[in-house]
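The values are calculated or read from the model by the stated rules, or taken from the named source; none is laboratory data. For clarity, every value in this text was computed on a predicted model and none was experimentally measured. Positions of Cβ are backbone-derived with ideal geometry, glycine not excepted, and every protein chain shown enters the neighbour counts.
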Amino acid sequence: MILLKPKLSTYISLGAVLFILLLGLVLILRDFAYSRSYDLWFYLVASSLLTLVLLMLLVKMMAGWRFISAGKEHVVIKLPLRGSTKVYPVTEILAWEEETVLANKREFKQVTVAFKDRNSISVSNHEHEAYSEFINYLKKKAPKQLLKPKKS
């Protein structure tokens, strides 16, 4: 059984960025409450911008928190924050495609799997463990659903 789960290092680094942004927001609001060193427009813009970035990062972290297991002719997707589990037989895979991008001398890979009920999942090699095992499983169990890469 192959288990794709989020890498702990990714969530630790995103959590550290989230903590720094939250600390910055608290310090700006504390400065506004006690000393008012800057004009009102600075506090409005800075607190709005920090809050927006905080919310976007938090939503990204929460949306990416899923566990995918593959094996025994099934793909199981668990979304703990929603409390839902979906089980797909391999025969319900409509198509899958792996994309590779070279950036900063590093190779980023992402696979997108589409199912017959119009749901899809995307998994990347930098955010999930056991990525290559999942690709090998798809190549073995669903080779006909692989989309051919476009020539540019």
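Worth pointing out:
- Qualifying residue in the stretch 73-85 (condition: over 16 Å from the mean Cα position of the chain (by Cα) and of a type in the set (D, E, K, R)): yes
- Checked against (1) among the hydroxyl-bearing types (Ser, Thr, Tyr); (2) assigned by TED's automatic domain parsing to the domain that holds Asn136; (3) within 26 Å of Glu127 (Cβ to Cβ); (4) assigned to a helix (DSSP H, G or I), Thr85 passes all but condition (4).
- Residues satisfying the stated conditions in the stretch 45-72, i.e. part of a loop (DSSP other than H, G, I, E, B) and either surrounded by 15 or more Cβ atoms within 10 Å (Cβ to Cβ) or modelled with pLDDT under 90 (or both): Gly64, Trp65, Arg66
- When the stretch 110-152 is filtered for residues that are under 20 Å from Lys60 (Cα atoms) and free of Cβ contacts under 8 Å to residues at least 24 places away in the same chain, the ones remaining, listed by number, are Gln110, Thr112, Ser120, Ser122, Ser124, Asn125.
- Condition check for Thr100: outside any loop (DSSP other than H, G, I, E, B), hydroxyl-bearing (Ser, Thr, Tyr), under 20 Å from the mean Cα position of the chain (by Cα) and farther than 17 Å from Pro6 by Cβ: yes
- Taken over the stretch 134-152, the criterion of being loosely packed, with under 15 Cβ neighbours inside 10 Å and assigned to a loop (DSSP other than H, G, I, E, B) is satisfied by Leu147, Lys148, Pro149, Lys150, Lys151, Ser152.
- Just one residue in the set Phe32, Phe42 is more than 30 Å from Leu138 (Cα to Cα), of a type outside the set (Lys, Arg) and either surrounded by 15 or more Cβ atoms within 10 Å (Cβ to Cβ) or assigned by TED's automatic domain parsing to the domain that holds Ser122 (or both); that residue is Phe32.
- If you filter the stretch 104-133 down to residues that are farther than 20 Å from Lys7 by Cα and not in a loop (DSSP other than H, G, I, E, B), you find that the one that is nearest to the chain's Cα centre (by Cα) is Ser120.
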